[in-house]
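Engineer: Below you will find the structure I want to go over with you.
The values are calculated or read from the model by the stated rules, or taken from the named source; none is laboratory data. Please read all numbers here as calculations on a predicted model, not as lab measurements. Ideal geometry is used to build each Cβ from the backbone, glycine not excepted, and the neighbour counts take in all protein chains shown. Accessible surface is based on the protein model in full, side chains and every heavy atom, while ligands, DNA and RNA are left aside. Shrake-Rupley method; radii C 1.70, N 1.55, O 1.52, S 1.80 Å.
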Amino acid sequence: MEYGKIYVTGLGPGAADQMTVQARNVLEKCPVIIGYTVYIDLIRADYPDKEFLSTPMRKEADRCRMAFEEAAKGRDVAMVCSGDAGIYGMAGLICEIGKDYPEIGIEIIPGITAASGGAAVLGAPLMHDFAVISLSDLLTPWEKIAQRLRATAEADFVICLYNPSSRKRADYLAKACGMILESRAPETVCGIVRNIGRDGERCEILTLEKLKDTQVDMFTTVFIGNSNTMELNGRMVTPRGYKDV
């Protein structure tokens, strides 16, 4: 029997022109596209001849098994995620569940993650060493998140925060900023970008002290500069050091 293949595909931030050519080719090739309902809705109209399968949030394992079941029928499957499939996406879980389906091939298709997409909107905040941390404690204990926040702040990394707030976690960004302020100046340059690559995209550059009291949501990506990050002509810029060489 000939099996299909699973392509774990990052769609990018949301705009069609921010999807890689490789990702677009996969979506055109695969007869079945599987993903979280919200991400399926982003692309459904562009691929009317495809079969779409979806599950709601927190049904990720079911979604992955669905992909393997379809591939076992001999059909190529695109498992889609926003951003990059290997950064808080579905690539890891597909590989974990794939151990039970050794006959099914897996290929990871990269995409533009929110860190790089949002950085481009703000200017150049990630020109030096940086860390990406999710504030969602759904899968990671808050104590571990807090440990990582303090460690990266003390090491003077630029910090990019994913999932900074939700209805149940309305004060998490304020708590995170409070921890970072333990070792970083209140005037540290920060930036926020909402709806990266989608309708309603907007950004703001502000201080860490002001960020602490700013309301954001799950569609917002937060950038906290290091000790050298500056605002230049309305852009958030972290120098790499080329001028000093």
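Engineer: Compute the helix-to-body angle for 60-72: its Cα long axis versus the longest principal axis of the chain, expressed 0 to 90° and rounded to tens.
Structural biologist: So the inclination is approximately 30 degrees.
Engineer: Just to confirm, what accessible area per residue do you get for the chain at 1.4 Å probe, in whole Å²?
Structural biologist: Numbers: 12420 Å² over 245 residues.
Each residue of the chain exposes 51 Å² on average to a 1.4 Å probe.
Engineer: Let me understand the stretch 124-211 better: what is its radius of gyration from the alpha carbons, and its Dmax, in angstrom?
Structural biologist: Here Rg and the maximum Cα pair distance are 12.9, 36 Å.
Engineer: Remind me, relative contact order of the chain in percent, using alpha carbon pairs under 8 angstrom and six or more residues apart?
Structural biologist: Relative contact order here is 20 percent.
Engineer: Hey, another quick one. Quick one: P(r) of the chain from all Cα-Cα pairs, 5 Å bins, percents rounded to integers, in order of increasing distance.
Structural biologist: 1, 6, 13, 16, 16, 14, 12, 9, 7, 4, 1, 0, 0
Engineer: Pairing the Cα long axis of helix 142-154 with the longest principal axis of the chain, what angle in degrees results, from 0 to 90 and rounded to the nearest 10?
Structural biologist: 50
Engineer: Same structure, new question: Of Ala45, Leu27, Ala78, which is farthest towards the positive pole of the chain's charge dipole, taken about the Cα centre with +1 and -1 on the beta-carbons of Lys, Arg and Asp, Glu respectively?
Structural biologist: Farthest along the dipole direction, towards plus: Ala45.
Engineer: Moving on. Extending each Cα 7 Å along its Cβ direction at Asn25 and Gln147, get the distance between those two points in nm, one decimal.
Structural biologist: It works out to 4.3 nm between the two label points.
Engineer: Now for a different question. What's the magnitude of the charge dipole for the chain around its Cα centre, counting Lys and Arg as +1 and Asp and Glu as -1 at the beta-carbon? Answer in Debye, nearest 20.
Structural biologist: Here the size comes out at about 300 debye.
Engineer: Dipole magnitude of the stretch 41-186 about its Cα centre, charges +1 at Lys/Arg Cβ and -1 at Asp/Glu Cβ only, in debye to the nearest 20?
Structural biologist: Charge dipole, the stretch 41-186, about its Cα centre: 520 debye, nearest 20.
Engineer: Also, quick follow-up: Quick one: pull the percent of accessible area on the stretch 90-211 belonging to carbon and sulfur, 1.4 Å probe, ligands and nucleic acids left out. Don't jump to the answer; show the numbers that get you there.
Structural biologist: Numbers: 3110 of 5830 Å².
About 53 percent, which is the carbon plus sulfur part of the accessible surface.
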